[in-house]
Amino acid sequence: MTDGAPLLDTLRRICGDTAVLTGGDTAAYATDWRDMFHGTPLCVVRPANTDEVARCVTSCAKAGAGIVPQGGNTGLAGGATPDASGTQVIIALDRMTAIRHIDPIGMTVEVEAGAILQTVKDAAENENRLLPLSLAAEGSARIGGLIATNAGGIDVLRYGMTRALVLGLEVVLPDGQVLSRLRHLRKDNAGYDLKQLFIGTEGSLGIVTAAVLRLVPLPRHRATALIAVPDIAAAVRLYERAQSDIGEALSAFELISGDGLALVARHMGQDAPVSGAEWYLLIEAGSSLPGLREAAEALLETAFEEGWATDGVLAESEAQADGLWQLRESLTEAEGKAGGAIKHDISVPITGIDAFLSEVGDMLRSTAPDARLNVFGHLGDGNLHYNVMNVAKADAGTVNAAVHDVVARHAGSISAEHGLGQYRVAEWARLASAPEHDLTRRIKHALDPGGLMNPGKVVPQDD
Ligand code: FAD
Ligand code: 2HG
Ligand code: ZN
């Protein structure tokens, strides 16, 4: 594509002049949340409905312009940031925010892709239902982006990742066709489950415009505890016991380091009610039935008796529980304020997490002796954010690859929940097997033969 002016005119005709942003007006859309990736788009177009999205996609395809779908722009892999060519079009879903219908009996909600997660959760809660998807960015992340990244968060242990919540989807395909399967069905084995192609594929195969999501009953009781543990082995033993004693009520089992809590205290002014340990767990259980607090107290008692816990608080009120979660949710922002990190979003089998941490720690002590760590995450899912701070920019690639090599030795994943975007695509290409490359390339080419849908993200450009 050489001259972008005719495409700009067409997009303005489709969506209206004020819905097409250019120049300085695109700034907030052209940089990612971490301020790590900076692009220069031809424009940002903000369609009002699915028909406008489809017509924009058709026009971009005709003009040979790359398309970058964008939701809340909170992604941590640079997937929603365009390249620097000045030719790509960001299609932002932020005007398509309707919550179309909540069915408290069928326990479903139908929403447009630009709806903000927190807003949808609040609407479900008004109907005594829960959309079980929780993350620190929920006040900004949008449903389409959450689906496109198959987002995880703190509820995965009990309810699964976003994929497990998607019942139906509406998608604009790279050729402008609209695939509409907004079904409120729990069971649907009629042919290929086509919606899976668009969940977790980070906008590389189509643009999600609406979705039907599964809701669950809103738990009436919750128990939340912050517990100091002597080491990771004890944390894993406590996890095993919590699964046996609290079982299906257990919804979150999060790991936080003492260094992480110190960052939150220093940069966010939030102090934890426990201190002095190397590792902490933030555990939550929820239930419609009473008796949860007694079960949580019994679990804590066992943990102290067995030596798996050295200190801890069980929240006495909703406000105290929220305060404990605030500590956990501030880790990313505190890390940013402290200068940022080389982020790793890894998962390994939970039984091997202790051995993984020892090996990667030994490796770093020789590779990057000045590094400081902010390690936290979803221990119950085997998913850690192994964030390495205080490393020179020039050494970032070496450290990143070295951590991923340890992950590979432990049969883990280099992206548990954040996706590849542009941040991890080269590392995926380095580590993926030949059949994985081959099948990925064939799926991409079958759906997007022009390679215009989020170019360079998820699928390596030369694949
Ligand atoms: P964006 O950032 O706008 O886009 C993300 C990707 O999806 C891009 O590739 C984009 O092209 C594509 N995309 C966006 N909308 C669409 C669409 N409608 N159709 C097709 N493709 C689309 N993630 C977790 O998994 N777990 C966490 O616990 C978590 N915590 C976070 C905490 C903080 C403080 C922050 C800043 C981020 C966190 N994230 C977490 C990452 C991020 O919030 C999620 O990846 C989220 O799903 C992104 O949603 P978004 O609407 O902001 O998407
Ligand atoms: C979380 O679990 C998010 O809070 C963000 O996935 C992780 O900042 C990170 O590395
Ligand atoms: Zn996470």
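The values are calculated or read from the model by the stated rules, or taken from the named source; none is laboratory data. The structure presented is a predicted model; accordingly, all values stated were derived computationally and were not measured. So basically every Cβ, Gly included, is an ideal-geometry build from the backbone, and we count neighbours across all protein chains shown. For the accessible areas, the whole protein counts, side chains as well, though only heavy atoms, and no ligand, DNA or RNA atoms are used. Shrake-Rupley method; radii C 1.70, N 1.55, O 1.52, S 1.80 Å.
Structural remarks
- For segment 249-406, the average shadow cast by the Cα convex hull is 10.0 nm², which is a quarter of the hull's surface.
- Helix-only CD estimate at 222 nm, as mean residue ellipticity for the chain, using -39500 (n - 2.57) per DSSP H run (n ≥ 4): -10000 deg cm²/dmol
- Per residue, the average separation of C-alpha pairs within less than 8 Å and at least 6 apart gives the chain a relative contact order of 15 percent.
- Mean projected area in nm² (Cα convex hull; one quarter of hull surface) for segment 304-376: 7.3
- Integer Hz, Karplus 6.51/-1.76/1.60 couplings in order for segment 116-123, x for Gly and Pro: 7, 3, 4, 5, 5, 5, 4, 5
- Placed amide H near Ala151: partners under 5 Å, 5+ positions off or other chain: Thr162
- Percent of C-alpha pairs per 10 Å bin in segment 227-331, short distances first: 15, 49, 31, 5.
- Residue-normalised convex hull volume from the C-alpha trace of segment 319-423: 114 Å³ per residue.
- Summing charges over neighbours of Arg158, with a neighbour being any other residue whose Cβ is under 14 Å away from its Cβ, gives -3 when K and R count +1 and D and E count -1.
- Surface share of carbon and sulfur [accessible, 1.4 angstrom probe, percent] for the chain: 50
- The coefficient of translational diffusion for segment 160-221, derived via Stokes-Einstein from the alpha carbon Kirkwood radius under 37 °C and 0.692 mPa s, stands at 260 µm²/s.
- Lysine pairs within the chain, Cα separation less than 16 Å, 8 or more sequence positions apart or different chains: 4
- In this Cβ point-charge picture (+1 for Lys and Arg, -1 for Asp and Glu), segment 50-196 has a dipole of about 280 debye about its Cα centre.
- Positive end of the dipole of segment 336-409 (Cβ unit charges, origin at the Cα centre): among Asn387, Ala401, Ile353, the Cα lying farthest that way belongs to Asn387.
- Over all Cα atoms in segment 26-153, the spread is summed up by Rg and Dmax: 15.6, 50 Å.
- Label-point gap, in nm, between Glu127 and Ala262 - each point 7 angstrom along Cα→Cβ: 4.8
- With protein chains left intact and a 1.4 Å probe, residues in segment 3-128 average 40 Å² of accessible area per residue.
- Here the dipole of the chain is about 1360 debye; that uses its Cα centre as origin and unit charges on the Cβ of Lys and Arg (positive) and Asp and Glu (negative).
- Rg/Rh for segment 156-273, where both radii come from Cα atoms and Rh is the Kirkwood radius: 1.12
- The mean accessible area for residues of segment 344-415, using a 1.4 Å probe and ignoring ligands and nucleic acids, is 39 Å² per residue.
- Note that segment 195-270 presents 33 Å² accessible area per residue, ligands and nucleic acids not counted, probe 1.4 Å.
- Karplus (6.51, -1.76, 1.60) ³J(HN,Hα), θ = phi - 60°, over segment 331-339, in Hz, Gly and Pro reported as x: 4, 5, 5, 4, 4, x, 5, 7, x
- Mean Cβ neighbour count within 10 Å, used as a protection proxy, ranking 435-443, 303-311 highest first: 303-311, 435-443
- Area accessible to solvent at Phe198, 1.4 Å probe radius, in Å²: 10
- Using bins of 20 Å that start at zero, the share of Cα-Cα pairs per bin across the chain amounts to 24, 55, 20, 1, in whole %.
- Karplus-derived 3J(HN,Hα) values for segment 224-235, using 6.51 cos²θ - 1.76 cosθ + 1.60 with θ = phi - 60°, are 10, 9, 10, 10, 7, 10, x, 6, 5, 4, 5, 4 Hz; glycine and proline are entered as x.
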